[in-house]
Amino acid sequence: MLDWKRIYFLHITKQGEIEMPEVSKQRVPFDEMCKCVQAMFAAVGMSEGDARITADNLVKADLRGVFSHGVMRVPIYVKRLQLKVTNPAGSPKVIRDEKATAVVDGDNAMGQVAGKFAMDIAAEKAKQFGVGVVAVKGSNHYGASVHFAQMVLAEDMIGITGTIGGTNIMAPWGGTDRRLGNNPFSVAVPALHKDPLVLDMANSVVARGKIVLAAKTKQPIPQEWALSPDGSPTTDPVEAYHGTVQPIGGYKGYGLTLMTGLLSSLLSGALFGEKITDLYEEFTTPQDLGHYMQAINIASFTDPVRLRSM
């Protein structure tokens, strides 16, 4: 019997099974893990469909080895749903619709639900106009960015997505005050007859979820990952949790963080900067997070069939 209370320790093997390292050798098949997580979200008020969308996002992150964005997120998601700071029955809707663009209000639904809704629209617009761009407001933490970028690969499209971080964990370059998220983004490019080329990255040296995971498992972190609250390097994940993450490439990473945040929030009117509340600490005010979704139809530029034959 799977112990749900310890679910964030689960790992998924490359063979599609999940194992609990050290504390147990228990293994769970991929589909069973999805059903388990789906049941937990359904139990706190999500529809079966929305629960499945969210579970699929998390379990696939673990299957790719991105444990910081996998089922370890279930406890905080469930808590926010139970407290209704995230709307379990949220129903995203289009509030502005132009030819190749749209704005979506996520209705405070789970970010995975709002994100899929928006990328589906971007793909449909790309079929008609060659490109589709959708900005999202009123959403929540949406998990691993790559999940959404990969959604359009099967339709011979390039997927691009970015999001404002669910917690301000980065300081402007040279500062110590937390004013920015790590604002991850992803680009997925189909290689047509080969494996796709995929970029999936946070703009910090590591995602904060890796620091959270290190704190849960009581493991030290590399000194390059984060700064303590006083601005000094630290290997203590708890100090790092209360401090700031380091941007990749110094000031260049800060620039990427800033621009990804602007694209993900200001186009839709979602919150930005100091107004962002903490995913793990604040449970009364909806986060109103923003996302950016883009699909590029390769057929609008060249013939995918010809490329497959090359």
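The values are calculated or read from the model by the stated rules, or taken from the named source; none is laboratory data. A quick note: this is a predicted structure, and the numbers were derived from the prediction, not measured. All Cβ positions, even for glycine, are placed from backbone atoms using ideal geometry, and neighbour counts span all protein chains on display.
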State whether one or more residues within the stretch 128-139 are in contact with a strand residue (DSSP E or B) (Cβ under 6 Å, 6 or more places away or on another chain), under 16 Å from GLY261 (Cα atoms), among the charged types (D, E, K, R) and part of a strand (DSSP E or B). yes
Answer yes or no: is there a residue in the stretch 71-79 that is more than 25 Å from GLY273 (Cα to Cα) and without any contact (Cβ under 8 Å) to a residue 60 or more places away in the chain. yes
Of all residues in the stretch 67-114, which are at positive phi and either part of a helix (DSSP H, G or I) or out of contact with any strand residue (DSSP E or B) (no Cβ under 8 Å at 6 or more places or on another chain) (or both)? LYS84
Report yes if VAL198 is surrounded by fewer than 20 Cβ atoms within 10 Å (Cβ to Cβ), in a strand (DSSP E or B) and either free of Cβ contacts under 8 Å to residues at least 40 places away in the same chain or among the β-branched types (Val, Ile, Thr) (or both), otherwise no. yes
Restricting to the stretch 84-106, give me the number of residues that are touching a helix residue (DSSP H, G or I) at 6+ places or on another chain (Cβ under 8 Å) and either at pLDDT below 95 or farther than 19 Å from THR167 by Cα (or both). 9
Taking the stretch 236-295 and keeping only residues that are over 15 Å from VAL206 (Cβ atoms) and part of a strand (DSSP E or B), one is left with LEU289, GLY290, HIS291, TYR292, MET293, GLN294, ALA295
When residues of the stretch 179-207 are filtered for being within 16 Å of ILE248 (Cα to Cα) and of a type outside the set (Ser, Thr, Tyr), how many remain? 14
In the stretch 280-298, how many are surrounded by fewer than 23 Cβ atoms within 10 Å (Cβ to Cβ) and within 21 Å of VAL146 (Cβ to Cβ)? 3
Can you pull out every residue in the stretch 26-44 that is aromatic (Phe, Trp, Tyr) and either within 19 Å of ASN87 (Cβ to Cβ) or not in a helix (DSSP H, G or I) (or both)? PHE41
